[in-house]
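Below you'll find the structure, written out as structure tokens, and then a few comments.
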2 protein chains.
Amino acid sequence: HPVYISPRGSQLHAKNWPAEAALRMFLNNLSAQVAEDPEKLVVYGGIGQAARTPADARKIVELLLTLEEDESLLIQSGKPVGKIRSHAEAPRVLIANSNLVPKWATWEHFNQLRERGLMMYGQMTAGSWIYIGTQGILQGTYETFAACARKHYNGDLRHKLLVSGGLGGMGGAQPLAATMAGATFLGVDIDPERIRKRLETRYIDKMTFDYREAVRLALAAKDKGEAVSIGLVGDIGDVLEKLIQDGITPDILTDQTSAHDPLNGYVPHGMCLPQALALREVDPGEYRARSLRSMARHVGFMLEMQRRGSCTFDYGNNLREFAQQGGEPNAFQIPGFVPEYIRPLFCEGKGPFRWVALSGDPEDIRVTDEALKALFPENTNMINWLKQAQLKVDFQGLPSRICWLGMGEREKAGLLFNQLVRDGKVKAPIVIGRDHLDCGSVASPYRETEGMLDGSDAVSDWPLLNLMANTSGGATWVSFHHGGGVGMGYSQHAGMVILADGTDRADQSIRRVLHNDPATGIFRHADAGYEAAQETSEKFDLGL
Amino acid sequence: HPVYISPRGSQLHAKNWPAEAALRMFLNNLSAQVAEDPEKLVVYGGIGQAARTPADARKIVELLLTLEEDESLLIQSGKPVGKIRSHAEAPRVLIANSNLVPKWATWEHFNQLRERGLMMYGQMTAGSWIYIGTQGILQGTYETFAACARKHYNGDLRHKLLVSGGLGGMGGAQPLAATMAGATFLGVDIDPERIRKRLETRYIDKMTFDYREAVRLALAAKDKGEAVSIGLVGDIGDVLEKLIQDGITPDILTDQTSAHDPLNGYVPHGMCLPQALALREVDPGEYRARSLRSMARHVGFMLEMQRRGSCTFDYGNNLREFAQQGGEPNAFQIPGFVPEYIRPLFCEGKGPFRWVALSGDPEDIRVTDEALKALFPENTNMINWLKQAQLKVDFQGLPSRICWLGMGEREKAGLLFNQLVRDGKVKAPIVIGRDHLDCGSVASPYRETEGMLDGSDAVSDWPLLNLMANTSGGATWVSFHHGGGVGMGYSQHAGMVILADGTDRADQSIRRVLHNDPATGIFRHADAGYEAAQETSEKFDLGL
Ligand SMILES: NC(=O)c1ccc[n+]([C@@H]2O[C@H](COP(=O)([O-])OP(=O)(O)OC[C@H]3O[C@@H](n4cnc5c(N)ncnc54)[C@H](O)[C@@H]3O)[C@@H](O)[C@H]2O)c1
Ligand SMILES: NC(=O)c1ccc[n+]([C@@H]2O[C@H](COP(=O)([O-])OP(=O)(O)OC[C@H]3O[C@@H](n4cnc5c(N)ncnc54)[C@H](O)[C@@H]3O)[C@@H](O)[C@H]2O)c1
């Protein structure tokens, strides 16, 4: 299979920088340092792909190499299907992935189409060519913990104990995110291999099989206000039970076990891992039933901790739903993380802003980090993140940075980056993008739009307006996907990437797109009745 | 309630013609001559609205009156929700109507949201401000009959008998469309009032209660090659049964009874209308069961006619599905009208192109009609339509014309109209739009994308790419809807309208939009494997 490598440096291979940017980011998404399985074109998130087939990938590269500034390339579920007439202030690439007419919007129908070569799963940033590796989930987790700190602990997590289950692909970011946010962290995973991996990549500080030792270390660190992370091998339910018996109440409690999949994910209590793996094979029905009962028990202990004063929240793994099915009627008394911590950020237009140095030179990211700190000297949360990210985050593929910025800030940051390119302070243009999980770009009633004030969780006019706004504003490429995060039938969302190549055109487009993109999030939340969004709307004069 | 009247003449009320065009078309959609129920803001098609509430309608007017050329207005299910930064070559209005995350995309959930004031049903052209009255359905029906003629009768329907059931809101266009296409028409409706109405508006020529008389008139006209239309009061199933007994086989057979609704639409056989209405109230279950059985019987006779040589097709009223439920296992041996007659047109990029004279002067439409005839002297089908439309179609609201044009033709027509405006040959700018039922703009597996060659019926990446293409190309307003035509859960589709105001900007945008819009239809059908579309692609050099 072909090896995908993104060009670096300041030389053009395509005919213009907008096309070159799309080319580099497409190849970066598929490069071995970034993609989970480049051979299958899988970038992340299950089967989230960047192109449908290797032949399509090759064709995309060819077409981007010759794309003119008055043309746009159309991508349908990872396949290039046409070129249209366009102009310089319009996107160079228009992307639609995995979209299905609602009645047919199921995994079953999707898989049939996929097997016949007609579709591809785009996830969120995989199919829209702006995935940048695990930094994204690290920052998202950090941002959640920081928001929790602001809401409950005056923004300070020192002397606070954060407990969570699950240290796998996503959950493994928790220990580092927690210590970056200043907390003491105790994480529990049934699989020692998972914790060992975090130890190797320095995402976690200590590992133990001994409950007593873990508690002693955690309490000592908490006492001294040390940001230390401890991984304990065990069942999260059992550990919570013991903590309750010992009268130890975490300040913050959440969970990232693979609860979304009661058969192939979550491990039921009362059995070790090899036993569990055996039971899965032999008697899946029994396994599933035990999983659901274990989750009910697990959530029962979380509810007890909540009563005892822990800030307890669900972290998007569908644990509540299955605990309820398993017999815990009060599972949904635990709030979801979006309404609790992320939505207040959305109401300020904040979301997962990110950028990539197309030069490939890490020094370019350092330059942007420093410039950003100087631009927003009062944003201590952001400055703290950038400082720690510089120390602790290894780049994957093209050097990149993620950092949540709000209404107003995004436009300023974009113009600043364009100025850095224009002045030659960085060696090549910079692309700016974001996750589809953002304030104005997604409708997903089980995650991003859970429990909207006015009940408009399922209304997907909003991400479509976001798409139209970014397309008309002149983002460099735009995308619309279905089924990201929570699967087929459950979400619709829009992506965008915009190039800062030091031109006046880029200034114009940035002024429009990086203003409009968060503005649609303000419109959406203000319309739903959120006062914070209405205040942001007033502050930025966005009202009608 | 407010009375909606569109301004006419060549004076601007808004700050620029693009905004004025949106203003006039919005008000035209809601005017008494066009809308079915202006008080409820209902334009057509059940509850298809142009704005969510009267307050929203007023606000839309206010905002359009002050909209600048570097702004765009966002409309979410008929409510204005924000203004964004834009530029002159981008749309002035961005519209998203009735879109729901698939899992929640049902009438039940939609109605809940609608009752809470959060949504509106946009149908197709109602919510995207380009409905022009019944001329649209007349032309669509004409185009279908003409395509049938080309496929089976060398384009000539003289001496051909066309039989159909249902002469209601849409079906009532059949007699006029059939005679315009040259055929002899026999239509059957159980409700005499419906036929009487068609007589008044001169859509039908004769009406009778007597089967013998109807047959005598029809056969005589067919013999002489007279394009005459006859309305017979009766049950369509009974009439087909008698025709079979009498050995009379129509050349073309279809149906537009309200079969989509077995309870409140279709009237079961063996009972007169007042009896039926009574049974509906008293025993809806029994009524529905009888309806399904009657449809099975009705389709059974259609299948017999098909065996005897009638060109028989389903006309998008879901008759086959209910006949199957009622006990006719072979119902789907009758082909749908789209795969049979419309898809070949789609493969040439042909679709329901339409335009409106913003001056309000019918003379302007006459000028465009003549100019178009001169531009395409070889397009006899189009010229025949235009000639007859000039004679037989009364304008509703602002004078308008609809006429199916294909790839290449649309762009030429648009540039021609822009020239007419520039040269002062017409008194004010002209807007150009289309129905959402077009070659590249809709995914609707029970109608427009039924039975695609490659099985991609439900893939809705295509209308999204169409939306993005028209947004980036600089259409004057664009829209994306869910549920038009076939209801919630069953379709997704994009709309666009572009202004010809005589400027160079309009020339540029027309060159892009009226090329790209049908081109996305060619891409879609070529990708699905239609040879005709692949040929069109080659002819216009659209391949990659
Ligand atoms: N919050 C978000 O934004 C977000 C984003 C993506 C995914 N998620 C959800 O978070 C969850 C975790 O994702 P992941 O990628 O880390 O999954 P993963 O499968 O890589 O890791 C899950 C971990 O949980 C452990 N585990 C299972 N049962 C356990 C038990 N009873 N006690 C202790 N440990 C147990 C497993 O050993 C494994 O290491 C998923 O449900 C995912 O859908 C959340
Ligand atoms: N092909 C298309 O593009 C297209 C577009 C829109 C709608 N439709 C479908 O066409 C159908 C007709 O639409 P409409 O707006 O005219 O509906 P309508 O309700 O206005 O008219 C239906 C007519 O059928 C008559 N009818 C009912 N049962 C009958 C029977 N057994 N025998 C004789 N007549 C009978 C009724 O009296 C009525 O006049 C609908 O199902 C609609 O969904 C097709």
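The values are calculated or read from the model by the stated rules, or taken from the named source; none is laboratory data. The shown structure was predicted, so the numbers you read here are calculated from the model rather than taken from an experiment. Note that each Cβ is placed from the backbone with ideal geometry, even for glycine, and that neighbours are counted across all protein chains shown.
Here are some notes:
- Residues of segment A:290-338 satisfying the condition of being within 12 Å of ligand 1 (Cβ to nearest atom), polar (S, T, N, Q) and over 25 Å from the mean Cα position of the chain (by Cα): A:Ser291, A:Ser294
- Residues (assigned to a loop (DSSP other than H, G, I, E, B), farther than 29 Å from B:Asn154 by Cβ and more than 12 Å from ligand 2 (Cβ to nearest atom)) located in segment B:311-339: B:Gly326, B:Gly327, B:Glu328, B:Pro329, B:Asn330
- Residue selected from segment B:76-95 under the condition without any contact (Cβ under 8 Å) to a residue 60 or more places away in the chain and of a type in the set (A, V, I, L, M, F, W, C), by the criterion nearest to A:Trp462 (Cα to Cα): B:Val81
- Scanning segment B:1-37 for residues being at pLDDT below 95 and of a type in the set (Asp, Glu) gives a total of 2.
- When the strands (runs of 3 or more DSSP E) confined to segment B:32-148 are screened for residues that are touching a Gly at 6+ places or on another chain (Cβ under 6 Å) and either surrounded by 24 or more Cβ atoms within 10 Å (Cβ to Cβ) or not assigned by TED's automatic domain parsing to the domain that holds B:Gly473 (or both), those reaching at least 1 such residues are found at B:71-76, B:93-97.
- Contact map, segment A:42-67: first residue away from chain B (no Cβ under 14 Å), second residue at pLDDT 95 or above and part of a strand (DSSP E or B), Cβ cut-off under 6 Å, separation 6 or more or different chains; pairs are A:Val42/A:Gln49.
- The set of residues in segment A:501-521 being of a type in the set (A, V, I, L, M) and within 9 Å of another protein chain (Cβ to nearest Cβ) consists of A:Val513, A:Ala519.
- Residue in segment B:464-474 that is part of a loop (DSSP other than H, G, I, E, B), under 30 Å from A:Ala458 (Cα atoms), polar (S, T, N, Q) and in contact with an Asp or Glu (Cβ under 9 Å, 6 or more places away or on another chain) present: no
- For segment B:226-263, the set of residues classified as away from ligand 2 (no atom under 14 Å from the Cβ) and not aliphatic (A, V, I, L, M) consists of B:Glu226, B:Ser229, B:Gln245, B:Asp246, B:Gly247, B:Thr249, B:Pro250, B:Asp251, listed by residue number.
- Residue that is nearest to B:Gln123 (Cα to Cα), among those in segment B:468-481 that are within 7 Å of chain A (Cβ to nearest Cβ) and under 20 Å from the mean Cα position of the chain (by Cα): B:Phe480
- Of the residues in segment A:143-150, at least one is under 14 Å from the mean Cα position of the chain (by Cα) and charged (D, E, K, R).
- Failed item in (1) β-branched (Val, Ile, Thr); (2) free of Cβ contacts under 8 Å to residues at least 60 places away in the same chain; (3) under 29 Å from A:Asp507 (Cβ atoms), with B:Val101 passing the rest: (3)
- Helices (runs of 4 or more DSSP H) wholly inside segment A:340-440 that include at least 2 residues being more than 30 Å from A:Ile252 (Cα to Cα) and out of contact with any helix residue (DSSP H, G or I) (no Cβ under 8 Å at 6 or more places or on another chain): A:362-375, A:409-422
- Restricting attention to segment B:216-250, the residues being part of a helix (DSSP H, G or I) and of a type in the set (Gly, Ala, Ser) number 4.
- When B:Leu391 is tested against (1) under 17 Å from B:Asn418 (Cα atoms); (2) without any contact (Cβ under 8 Å) to a residue 12 or more places away in the chain, only condition (1) is not met.
- Residue within segment A:487-500 that is of a type in the set (Val, Ile, Thr), surrounded by fewer than 22 Cβ atoms within 10 Å (Cβ to Cβ) and away from chain B (no Cβ under 12 Å) present: no
- The residue that is farthest from the other protein chains (Cβ to nearest Cβ), counting only those in segment A:149-172 that are part of a helix (DSSP H, G or I) and within 14 Å of ligand 1 (Cβ to nearest atom), is A:Gly172.
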